[in-house]
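This report refers to the structure that appears directly beneath it.
Just so it is clear, none of the values below were taken in a lab; they were calculated from the coordinates. Being a predicted model, the structure only gives us computed values, none of them experimental. Cβ: placed from backbone, ideal geometry, glycine included. Neighbour counts: every protein chain shown.
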Amino acid sequence: MPDPSLYTPAFNRMADDDVRGFVAAIAAAQLVTVGEDDVPDATFLPVLWDGDRLLGHLARANSHWRRVVDGAPALAVVTGPDAYVSPSWYASKAEHGKVVPTWNYSVVHLRGRIHVHDDPDWVLDVVTRLTDHHEAGRPARWHVTDAPEDYVRKNLRPIVGVELLVESVEAKAKLSQNRSDADRRGVAAGLAADGIEPEGLVAP
């Protein structure tokens, strides 16, 4: 595997204890692979991080899965909320004017070896677990078993499973950590005025 490539200053590193929670909350990723012709493919898909495996599924009609080289390196990018940060929000703008725009965001890169699973039982297990994850906490939870079994099996045919055996994890939260307390308060106020909820998402 190549060396990690996500540019992450020390003050932007996401705490290890927060990474799995972040991925579980987003529960979706851009899966990036490179085919035998060296052409990259990317697909947005639902994911579940289980131990050292990232699990998901692709539409059978999506040619991406057919282009996957079994066991080849792959990258899954899990992205959280993001927002433009105006320099006019910084208290330091009034002090010295030496400010520029930036972008706040959080992201996790998971790298590993990719495998495709064209097995209905394997896919059913992933779909069931993904459903249970997203239905948890709802007042009227829907279960895969609520639908007729033959209907479920029919709807498994148009999808295939993918499994990323995770070998490295890089996590970055760029949330104005390098700014002063006054500047961060300004960012939070500016984001709120723009209708963006800042708490824990795109501002510290």
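Per-structure values
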item	result
Among (1) 1.06; (2) 0.99; (3) 0.94, the entry that matches Rg/Rh (Cα atoms, Kirkwood Rh) as calculated here	(1)
Most mobile of Thr131, Thr33, Thr43 in a GNM of the chain (Cα contacts under 10 Å)	Thr131
Charge-dipole axis of the range 100-204 as Lys and Arg at +1 and Asp and Glu at -1 on Cβ define it, positive-most pick from Leu130, Leu110, Val152	Leu110
Cβ-based charge dipole, the range 56-204, positive-most Cα from Val169, Thr79, Ala193	Ala193
About the Cα centre, charge dipole magnitude for the chain (Lys/Arg +1, Asp/Glu -1 at Cβ), debye	580
For the range 1-103: relative contact order, % (alpha-carbon pairs under 8 angstrom, 6 or more apart)	23
Phi to ³J(HN,Hα) by Karplus 6.51 cos²θ - 1.76 cosθ + 1.60 over the range 71-87, Hz, x for Gly, Pro	x, 6, x, 8, 10, 10, 10, 9, 10, x, x, 9, 6, 5, 10, 7, x
Mean separation of Cα contacts under 8 Å, 6 or more apart, over the residue count of the range 39-180: relative contact order %	35
Those chymotrypsin sites (Phe, Trp or Tyr not before Pro) in the range 1-89 that DSSP places in a loop and that have at most 11 other beta carbons within 10 Å	Tyr7
Charge dipole (debye, nearest 20) of the range 32-89; +1 at Cβ of Lys and Arg, -1 at Cβ of Asp and Glu	220
Alpha-carbon centroids, the range 14-34 and the range 88-147: separation in whole Å	6
